[in-house]
Amino acid sequence: FEITTGRYHTLLVDDSSAYSCGSSLCGVLGHGSNTTQSGAFSRISFPFGLTVVHVSASHNHAAFVMQSGE
């Protein structure tokens, strides 16, 4: 379990799945350009076969590291 926060958003990784909530300035929530905010954690969809192992956030960004090293 890993959790990190940006200015107005929170991201977490649990059991190889990533979730986000908060304000989606610059698309940091990872739910597409139509989502501007989320009051509850929502799972972020990644392409099939990618497994999330680490997450980092800051002011207006989010970054994920996959098991493959990407």
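The values are calculated or read from the model by the stated rules, or taken from the named source; none is laboratory data. Because the structure is predicted, anything quoted here is derived from the model rather than measured. Ideal geometry is used to build each Cβ from the backbone, glycine not excepted, and the neighbour counts take in all protein chains shown.
Computed values, structure above
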| read-out | value |
| --- | --- |
| Residue that is nearest to residue 3 (Cα to Cα), among those in segment 16-58 that are surrounded by 12 or more Cβ atoms within 10 Å (Cβ to Cβ), of a type in the set (Val, Ile, Thr) and modelled with pLDDT under 90 | 28 |
| Segment 59-70, subset at pLDDT 90 or above, surrounded by 13 or more Cβ atoms within 10 Å (Cβ to Cβ) and more than 10 Å from the chain's Cα centre (by Cα), residue nearest to residue 10 (Cα to Cα) | 65 |
| Test: residue in segment 41-51 that is in contact with an Asp or Glu (Cβ under 9 Å, 6 or more places away or on another chain) and among the β-branched types (Val, Ile, Thr) | no |
| Pairs, first closer than 7 Å to residue 28 by Cβ in segment 57-69, second modelled with pLDDT under 90, C-beta under 7 Å, six or more apart | 60/25; 60/26; 60/28; 61/28; 62/28; 62/30 |
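Each row is one residue, and each column tells you yes or no for (1) free of Cβ contacts under 8 Å to residues at least 24 places away in the same chain; (2) small (Gly, Ala, Ser).
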position	(1), (2)
4	no, no
8	yes, no
23	yes, yes
34	yes, no
37	yes, no
41	no, no
45	yes, yes
